[in-house]
Amino acid sequence: MGSLLAPSRGACPGAPDGLGAGGADGLVGYVTDVEGDIDYWRRYVEFSKVLRRGPSGEVELAAGAHFVFGGDATDQQSGDLQVLRELLRLRRRYPDRVHFVMGNR
């Protein structure tokens, strides 16, 4: 497993924090290969410029931002279900700004 900001974990070229400019209003966040690693997912949310934890603990998307999940959410880890729940809640809450890539190979 690489560092939080390692390119192998989903960073966009030229944007070491995994973000790049996009959309009319703002940023696009991208991550892939979380593979059920809940600690990695939590760190990503903590350092993200497009995602954050709201007062209720739910993951929220910044106004005008988009979020792309590039696949490999699970890998038989203890955090598989929690990662999936949070991704699906994001998608339901922001259906026009949360995007899933179905597979990344």
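Among residues that are in contact with a Ser or Thr (Cβ under 8 Å, 6 or more places away or on another chain), among the charged types (D, E, K, R) and either open to solvent by 10 Å² or more (accessible area, probe 1.4 Å) or at pLDDT 90 or above (or both), GLU35 is included. Any residue in the stretch 67-77 that is of a type in the set (Asp, Glu) and modelled with pLDDT of 95 or more? Within the stretch 67-77, not a single residue is of a type in the set (Asp, Glu) and modelled with pLDDT of 95 or more. When the stretch 10-32 is filtered for residues that are surrounded by 14 or more Cβ atoms within 10 Å (Cβ to Cβ) and at pLDDT 50 or above, the ones remaining, listed by number, are GLY26, LEU27, VAL28, GLY29, TYR30, VAL31, THR32. Take ARG85 and tell me if it is basic (Lys, Arg), open to solvent by 20 Å² or more (accessible area, probe 1.4 Å), modelled with pLDDT of 90 or more and part of a helix (DSSP H, G or I). Yes. For the stretch 34-58, a residue qualifies if it is under 10 Å from the mean Cα position of the chain (by Cα) and aliphatic (A, V, I, L, M), and the qualifying residues are VAL34, VAL45, VAL50, LEU51.
Touching a strand residue (DSSP E or B) at 6+ places or on another chain (Cβ under 9 Å) and of a type outside the set (S, T, N, Q), is that true of VAL83? No: the conditions fail for VAL83.
Are any of the residues in the stretch 46-65 farther than 18 Å from HIS99 by Cα, open to solvent by 10 Å² or more (accessible area, probe 1.4 Å) and part of a helix (DSSP H, G or I)? Within the stretch 46-65, one or more residues are farther than 18 Å from HIS99 by Cα, open to solvent by 10 Å² or more (accessible area, probe 1.4 Å) and part of a helix (DSSP H, G or I).
The values are calculated or read from the model by the stated rules, or taken from the named source; none is laboratory data. If you're wondering where the values come from, they're calculated on a predicted model, not measured in any experiment. Ideal geometry is used to build each Cβ from the backbone, glycine not excepted, and the neighbour counts take in all protein chains shown. Just the protein is used for accessible areas: all its heavy atoms, side chains included, with ligands, DNA and RNA removed. Shrake-Rupley method; radii C 1.70, N 1.55, O 1.52, S 1.80 Å.
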